[in-house]
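Heads up: the structure comes next, in C-alpha cells.
The values are calculated or read from the model by the stated rules, or taken from the named source; none is laboratory data. Predicted model, so just to flag it, every value in this text is computed and none were measured. As a convention, Cβ positions derive from the backbone with ideal geometry for all residues, glycine included, and neighbour counts pool all protein chains shown.
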Amino acid sequence: MEPTLRTAHDEGVATVTIDRPAKRNAMTPAMWRALPVLLAELADDPGVRVVVLTGAGGTFCAGADIGALHDAAQSAPREQQSLAVAAEEALAGFPKPTLAVVRGHCVGGGCQLAAACDLRFAAHDALFGITPAKLGIVYAASSTERLVRLVGPATAKFLLFSGELIDAARALRAGLVDEVHHGDELDKRVAEFTRTLAARSALTQAAAKEFADGRTGADRVEHWGREAAASGEAAEGVAAFLERRAPRFGWPRH
C-alpha cells in the first residue's frame, strides 16, 4: 500500500493521520507535497472548524524518509528539505485551529510539523527530538525561529546541537507540548477539547491566531475590526450568555 495522509471528519473536526506505520510514519517527498494541497482543501471547507494532526500505529512521525534523502543527495538535497519547510509553513499558516496529537516518536521533520500546529497534546511516553546534527543538515532558518519562539533559545540550542530525544514531561516543562495524558485519557481529552474549539467563535479564533503569530499590522487590525462589526458574533455571544444557552456562531457566512 502506498503511504498516505488519511483524513476523517467528525462534527467539524478533521483528523489528518500520517499513515506509514511500517516506517514510523516517515514522510516521503510525495507525502510532503500532498500536505499543503490537503490543508488548502480543508481551509476551504466550511464544515471543518478544527484540524487534528496525528500518526498511525502508535507513533507520530519519524521525520523525512532518510532513504529518499540519500537518493536525492547527489542531485537536490536542498529541494528535499524545502518540501518539508513548505509543508510546515502551510500548516503554520492554516487559518483554523490546529492540534498535534503525539504518541511515540516525534522526531526531525515530525517535530517540525508538530511545532507548526497551534497546540500539541502528547501521550506520557512520547519522545521528541530534532536531529539535523546527526545528519550534517543545516536546519531551516524559519523552522529554527519557530522552535525558538516556542521553547526559547536555550532549549532550542539543546535540541539542535545534540539531537537527543526528550520525554513528554520535559517537553511539557519546556513549552514544546501543552498537555500530557496517560492511556485513553489522551483520546478523551482530545475529543473534549476539539468539541470545545468547534463550538467557539471562528472569528475570534482566526483573528487571535493572526495576532498571536505576529500579524498585527494596521491593515490586519482594520480587517478584523470590519469583520467583527459585520459578523454579529458579539451580539450572538452576549445574547446566548444572557439567555443561558449555547451560542450559535455563524462566521464566516457561506
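Identify all residues within segment 111-155 that are charged (D, E, K, R) and crowded, with 17+ Cβ neighbours inside 10 Å; write none if there are none. It would help to see each step written out before you state the result.
Here is the first cut: in segment 111-155, the ones charged (D, E, K, R) are 118, 120, 125, 134, 145-146, 149.
Of everything in segment 111-155, those that are charged (D, E, K, R) and crowded, with 17+ Cβ neighbours inside 10 Å turn out to be D118, R120, R146.
Which of the residues spanning segment 96-136 are without any contact (Cβ under 8 Å) to a residue 40 or more places away in the chain and out of contact with any Asp or Glu (no Cβ under 7 Å at 6 or more places or on another chain)?
Within segment 96-136, I130, P132, A133, K134, G136 meet the criteria.
On the basis of being small (G, A, S), within 14 Å of the chain's Cα centre (by Cα) and either within 30 Å of T196 (Cβ to Cβ) or surrounded by 21 or more Cβ atoms within 10 Å (Cβ to Cβ) (or both), does G12 make the cut?
no
If you take the residues of segment 196-206 that are touching a residue at least 60 places away in the same chain (Cβ under 8 Å) and in contact with a helix residue (DSSP H, G or I) (Cβ under 9 Å, 6 or more places away or on another chain), which of them is surrounded by the fewest Cβ atoms within 10 Å (Cβ to Cβ)?
Step by step, filter segment 196-206, then rank; the result is A206.
Restricting to segment 114-127, give me the number of residues that are touching a strand residue (DSSP E or B) at 6+ places or on another chain (Cβ under 7 Å) and either assigned to a helix (DSSP H, G or I) or among the β-branched types (V, I, T) (or both).
Total meeting the criteria: 1.
Output yes when any residue across segment 172-184 is farther than 21 Å from H105 by Cβ, among the acidic types (D, E) and in the same structural domain as C61 (by TED's automatic domain parsing), and no when none is.
Checking segment 172-184: not a single residue is farther than 21 Å from H105 by Cβ, among the acidic types (D, E) and in the same structural domain as C61 (by TED's automatic domain parsing).
With (1) in contact (Cβ under 8 Å) with a residue 60 or more places away in the chain; (2) under 18 Å from T144 (Cβ atoms); (3) among the hydrophobic types (A, V, I, L, M, F, W, C) as the list, and F193 as the residue in question, which single condition is left unmet?
The one condition F193 does not meet is (2).
Looking at E210, E222 in this structure, which one is closer than 18 Å to F94 by Cβ, surrounded by 10 or more Cβ atoms within 10 Å (Cβ to Cβ), modelled with pLDDT of 95 or more and not polar (S, T, N, Q)? Working first, answer last.
Working: E222 fails: closer than 18 Å to F94 by Cβ.
Being closer than 18 Å to F94 by Cβ, surrounded by 10 or more Cβ atoms within 10 Å (Cβ to Cβ), modelled with pLDDT of 95 or more and not polar (S, T, N, Q) holds for just one of E210, E222, which is E210.
Of the residues L176, L203, which is modelled with pLDDT of 95 or more and over 30 Å from P153 (Cβ atoms)?
Unique residue meeting the criteria: L203.
R149: at pLDDT 95 or above, more than 13 Å from the chain's Cα centre (by Cα), among the basic types (K, R) and under 25 Å from V50 (Cβ atoms), yes or no? Before you say what the answer is, go through the steps one by one.
On the way: at pLDDT 95 or above: yes; more than 13 Å from the chain's Cα centre (by Cα): yes; among the basic types (K, R): yes; under 25 Å from V50 (Cβ atoms): yes.
Answer is yes for this residue.
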